[in-house]
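Structure first, then comments.
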Amino acid sequence: MGTRIALIDDHKLFREGVKRILEFEEGFEVVAEGNDGSEGVQIVNQTNPDIVIMDINMPGINGVEATRELIEQFEDLRVIILSIHDDESYVTHALQSGALGYMLKEMDTDELVNAIKIVSEGGSYVHPKVTHNLVRDYHRLALSGSKSGNETQTSSYFQPVEYRKPLHLLTRRECEVLQLMADGQSNRGISETLYISEKTVKNHVSNILQKMNVNDRTQAVVTAIKNGWVEVR
């Protein structure tokens with residue numbers, strides 16, 4: 001059986017575009033569409049999808065509220081939030097509501113498909129640009145906490161450490177890819193920066209996740225920041 005997907009977005013033109021993309025992807029099936037959070041809750045009850053792709057800003061019940069309500073009813077439901085916002089507050093509220101993914105509407109087709117595949121397999125996915133912003137904010141908290149001597153749990157976890165490439169664990173090329181991941185680069189951006197194919201980038205990312213024993217890019221970048229393996233810039 002394929003992955004059954006429900007699309008909830010009040011912008012019909014955008015929703016139709018996403019639907020068309022997914023219809024061309026083998027193994028995906030769009031089983032329902034909704035215009036707002038309230039309708040989204042109804043159609044999930046009616047169609048029982050595997051994945052819900054949810055806009056964050058909608059009239060009535062917004063995406064965060066709808067996600068929270070759905071997760072309370074269906075513990076195994078997997079929600080990916082779509083948003084135009086890349087700042088930390090939106091991301092934090094979305095993930096706290098139970099969403100397993102956070103994508104920006106500026107995403108490309110490959111990023112969307114990859115995110116759905118990762119989340120459908122039980123992982124989590126945060127848009128690379130958002131990951132970079134989150135890491136930058138955590139690093140800023142760590143520095144301010146260290147200077148003031150009043151360290152919160154977050155800043156304590158992200159204590160600044162001396163930068164050094166993890167050559168004991170990764171190859172030089174993998175170190176370069178990890179740094180670009182921390183910079184917020186997508187696979188396409190990394191391929192253009194390093195003049196290698198996107199397929200090669202995907203292989204490097206997969207190797208990095210396996211060697212670092214993490215499930216997704218976000219965990220890899222956060223772990224790298226914590227250990228001083230990448231520069232925050």
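The values are calculated or read from the model by the stated rules, or taken from the named source; none is laboratory data. Keep in mind that this is a model prediction, so the values were computed, not measured. Ideal geometry is used to build each Cβ from the backbone, glycine not excepted, and the neighbour counts take in all protein chains shown. Ligands, DNA and RNA are excluded from the accessible area calculation, which covers all protein heavy atoms including side chains. Shrake-Rupley method; radii C 1.70, N 1.55, O 1.52, S 1.80 Å.
Observations, loosely collected:
- GluC sites (Glu not before Pro) within region 2-106: DSSP coil, no more than 13 neighbouring Cβ in 10 Å: GLU26, GLU75, GLU106
- Full extension of the chain between ASP108 and LYS202 yields a length gain of 32.3 nm, computed as 0.36 nm times the residue separation minus the alpha carbon distance.
- Cα-based shape type of region 6-66, given that a ≥ b ≥ c are square roots of the gyration tensor eigenvalues and the cut on a/c is 1.5: oblate
- Label-point gap, in nm, between ASN227 and GLN46 - each point 7 angstrom along Cα→Cβ: 4.9
- Mean Cα-pair separation over length for the chain, i.e. relative contact order, pairs under 8 Å, 6 or more apart, %: 14
- Taking 26 Å as the limit for the C-alpha separation, the pairs LYS19/LYS211; LYS105/LYS211; LYS105/LYS226; LYS117/LYS165; LYS199/LYS226; LYS19/LYS117 exceed it in the case of LYS19/LYS211; LYS105/LYS211; LYS105/LYS226; LYS117/LYS165; LYS199/LYS226.
- Percent accessible area from carbon and sulfur atoms, the chain, protein chains only, probe 1.4 Å: 45
- Between LEU194 and GLU25, the modelled labels are 2.3 nm apart [label points 7 Å from Cα along Cα→Cβ].
- Note on the chain: GNM, Cα springs under 10 Å; of SER206, SER120, SER83, the largest mean-square fluctuation is that of SER206.
- Selected from HIS168, HIS85, HIS93 as most flexible by GNM, with the chain as the system and alpha-carbon contacts under 10 Å: HIS168
- For ARG15, the solvent-accessible surface computed with a 1.4 Å probe is close to 20 Å², ligands and nucleic acids excluded.
- Here r is the Cβ-Cβ distance between LEU169 and SER38 and R0 is 41 Å; the resulting FRET efficiency, rounded to 0.05, is 0.30.
- Across the chain, the longest run free of exposed loop sites, meaning chymotrypsin sites (Phe, Trp or Tyr not before Pro) lying outside DSSP classes H, G, I, E and B with no more than 13 other Cβ atoms within 10 Å, spans 25-162.
- Relative contact order [Cα under 8 Å, 6+ residues apart], region 9-128, whole percent: 20
- In summary, the helical segments of the chain meeting the span-like criteria, namely a full DSSP H run, a Cα extent along the axis of 24 angstrom or more and a mean Kyte-Doolittle hydropathy of at least -1.0, are 128-148.
- Excluding ligands, DNA and RNA, the accessible surface per residue across the chain is 51 Å² with a 1.4 Å probe.
- Labels on offer are (i) 52, 40, 27; (ii) 53, 52, 21; (iii) 53, 44, 28, and the one holding Cα extents along the principal axes in Å computed from this structure is (iii).
- Distance-filtered residues of region 50-73 - backbone nitrogen under 18 Å, label point 7 angstrom along SER89 Cα→Cβ: 56-58, 62-65
- Net charge over other residues, Cβ less than 15 angstrom from the Cβ of ARG15 (K, R count +1; D, E count -1): -4
- The Cα center of region 5-76 and the Cα center of region 157-233 differ in position by 32 Å.
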